[in-house]
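Visitor: Dropping a structure here in structure tokens format, bear with me for questions.
The values are calculated or read from the model by the stated rules, or taken from the named source; none is laboratory data. On a predicted model such as this, the values are computed, not experimentally measured, just so you know. With ideal geometry, Cβ positions are generated from the backbone for all residues, glycine too; neighbour counts draw on all protein chains shown. Note: areas computed on protein heavy atoms with side chains; ligands, DNA, RNA excluded. Shrake-Rupley method; radii C 1.70, N 1.55, O 1.52, S 1.80 Å.
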Amino acid sequence: MAEIIEKNHDEEFLFSEANGTLSRGTRTLEQSTRVYRGGDVVILISGTYVLATKALVDANAAADVSIVVRKIDATTKDKPAALIIRDAEVKAGYLTFGDATVLSDLTAALAKKDIIVLPDAA
């Protein structure tokens, strides 16, 4: 029998978030060659958010870093999307980011926004 592996669900990366609209906001994702998924860590560059990489974080230390909430296809044009922008607890193993990047490259920037990265089994 073939093994079936289920992909992560939207919002599965979240442990908790603040009430109401305190944690979430709508921001614009830049057109990309890949579909953005829930748990993608993005960084604000030139007015739109792109998938965070170590190089972008290092070059833009004060730039805003947030997390995509749900899958969104921005392969044809920039698209608005729901992001976790502050006050949340997230699962480390469910976050994704650009190549040559490790989670420790992003945790300080996320912590500045009170987005706390926890082990998956917390």
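Visitor: In the range 72-94, which residues are touching a Phe, Trp or Tyr at 6+ places or on another chain (Cβ under 7 Å) and either over 12 Å from Gly39 (Cα atoms) or open to solvent by 10 Å² or more (accessible area, probe 1.4 Å) (or both)?
Guide: Hits for the range 72-94 are Ile72, Ala74, Ala81, Glu89, Lys91, Tyr94.
Visitor: Related question: Could you please find all residues in the range 67-83 being without any contact (Cβ under 8 Å) to a residue 60 or more places away in the chain and in a loop (DSSP other than H, G, I, E, B)? Walk me through it before giving the result.
Guide: So the first thing to find is which residues in the range 67-83 are without any contact (Cβ under 8 Å) to a residue 60 or more places away in the chain, and the list is 67-69, 72-83.
Once the filter is applied, which keeps residues that are without any contact (Cβ under 8 Å) to a residue 60 or more places away in the chain and in a loop (DSSP other than H, G, I, E, B), the range 67-83 yields Val69, Asp73, Ala74, Thr75, Thr76, Lys77, Asp78.
Visitor: Is it the case, given these coordinates, that Val57 is in contact with a helix residue (DSSP H, G or I) (Cβ under 6 Å, 6 or more places away or on another chain) and outside any loop (DSSP other than H, G, I, E, B)?
Guide: yes
Visitor: If you don't mind, there's one more thing I want to ask. What's the number of the only condition in (1) out of contact with any Gly (no Cβ under 8 Å at 6 or more places or on another chain); (2) buried (at least 16 other Cβ atoms within 10 Å of the Cβ) that Leu118 fails to meet?
Guide: With (1) out of contact with any Gly (no Cβ under 8 Å at 6 or more places or on another chain); (2) buried (at least 16 other Cβ atoms within 10 Å of the Cβ) applied to Leu118, the lone miss is (2).
Visitor: Please identify the pairs in which a residue from the range 110-122 that is farther than 10 Å from Ala88 by Cα has its Cβ atom under 6 Å from the Cβ atom of a residue that is among the acidic types (Asp, Glu) and at pLDDT 95 or above, counting only partners at least 6 apart or on another chain.
Guide: Short answer, once both residue conditions are applied: Leu118/Glu89.
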